[in-house]
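The structure appears right after this line, and notes come after that.
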Amino acid sequence: MFVAIEDVSFSYPNTQAPALDRFTLDIKKGEVISILGRSGSGKSTILRLLAGLERPKNGRLVIQDETLFDDKTFLQPEKRGIGMVFQDYALFPHMTVAANIMFGLSGMKKADKKRRMHEMLELVELEEYEKRYPHQLSGGQQQRVAIARAIAPNPHLILLDEPFSNLDAELQGKIRKDLREILKKANITSIFVTHDEKDAHILADRIVKLKDGKMDFVGRPCDMLDTF
Ligand code: ADP
Ligand code: ADP
């Protein structure tokens with residue numbers, strides 16, 4: 001399996017119920033997973049554990065044969081090869097679109113960085129916007145730059161937390177479709193969290209439903225319809 005989450009539990013300090021309770025999920029390369037569930041059901045916690053922002057209480061996390069976490073391993077977040085598109089992880093306002101996308105490419109030669117940046121702008125169809133600053137873009141365009149920035153270093157996995165919540169309804173519809181195309185074209189494995197079933201149905205290969213930190217359902221969007 002490309003991503004393996006095995007029997008992972010986690011509790012925040014000074015809380016009673018676990019935020020995540022013996023959670024297990026295998027993900028294939030290139031698969032798009034959506035995580036659905038009410039507020040407080042543990043969706044963001046899964047992302048935070050994968051990203052290395054929190055340490056599980058027990059269990060195992062593996063990506064492409066590399067152990068991120070087990071009883072003797074904790075791989076630092078920056079070594080995990082995971083890209084993030086979080087609400088509170090916005091674009092750098094004082095940097096152009098180009099600089100934002102190249103920011104995560106340290107270690108590459110300048111010419112290679114530029115080539116990759118142009119590839120990413122082509123992918124998200126913003127070729128003409130390289131010299132603009134974030135405030136000169138629409139909400140949807142900023143969202144696409146954030147996705148380009150996350151994908152640019154060619155991560156194993158990208159995590160998206162409510163990526164559409166700041167956009168108006170019309171734009172949300174368009175971005176959902178665009179995002180699925182972008183992820184599929186780049187063959188990027190991704191997990192995105194949403195509380196909106198419509199998002200999940202349009203975007204995902206498989207949907208995970210959480211309830212009180214536990215897996216409540218996992219299956220294809222069409223299988224989920226049968227549960228109502
Ligand atoms: P969701 O993303 O589905 O809204 P979370 O993963 O953020 O849910 O939260 C799961 C549970 O953990 C909730 O009960 C929430 O109140 C609790 N929780 C989340 N963050 C913290 C925190 N920093 N400290 C204490 N409890 C937290
Ligand atoms: P969208 O339909 O994606 O929300 P908008 O209607 O917000 O787009 O914007 C339409 C066009 O105007 C876009 O090409 C965008 O880049 C440009 N634009 C929006 N806001 C600004 C701004 N403050 N400065 C310069 N260009 C802008």
Quick test for you: out of F92, F103, F69, pick the one residue that is in a strand (DSSP E or B) and farther than 20 Å from G30 by Cα. F69
Given the options G173, G139, name the one that is touching a Leu at 6+ places or on another chain (Cβ under 6 Å) and either β-branched (V, I, T) or surrounded by fewer than 22 Cβ atoms within 10 Å (Cβ to Cβ) (or both). G139
Does at least one position in segment 31-48 carry a residue that is away from ligand 1 (no atom under 16 Å from the Cβ) and surrounded by 13 or more Cβ atoms within 10 Å (Cβ to Cβ)? yes
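Would segment 63-72 turn up any residue that is touching a helix residue (DSSP H, G or I) at 6+ places or on another chain (Cβ under 7 Å) and farther than 18 Å from F10 by Cβ?
There is no residue in segment 63-72 that is touching a helix residue (DSSP H, G or I) at 6+ places or on another chain (Cβ under 7 Å) and farther than 18 Å from F10 by Cβ.
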If a residue has to be among the charged types (D, E, K, R) and under 16 Å from A186 (Cα atoms) to count, how many in segment 142-169 make the cut? 2
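Q136 - would you say it is without any contact (Cβ under 8 Å) to a residue 24 or more places away in the chain, within 12 Å of ligand 2 (Cβ to nearest atom) and closer than 25 Å to I191 by Cβ?
Against the criterion (without any contact (Cβ under 8 Å) to a residue 24 or more places away in the chain, within 12 Å of ligand 2 (Cβ to nearest atom) and closer than 25 Å to I191 by Cβ), Q136 does not qualify.
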Sort through K113, K79, K109 and tell me the only one that's buried (at least 16 other Cβ atoms within 10 Å of the Cβ) and free of Cβ contacts under 8 Å to residues at least 24 places away in the same chain. K113
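Only the coordinates and a few stated rules stand behind these numbers; no lab work does. This is a predicted model, so every value here is computed, not measured. Reconstructed Cβ throughout: ideal geometry from the backbone, glycine too, with neighbour counts over all protein chains shown.
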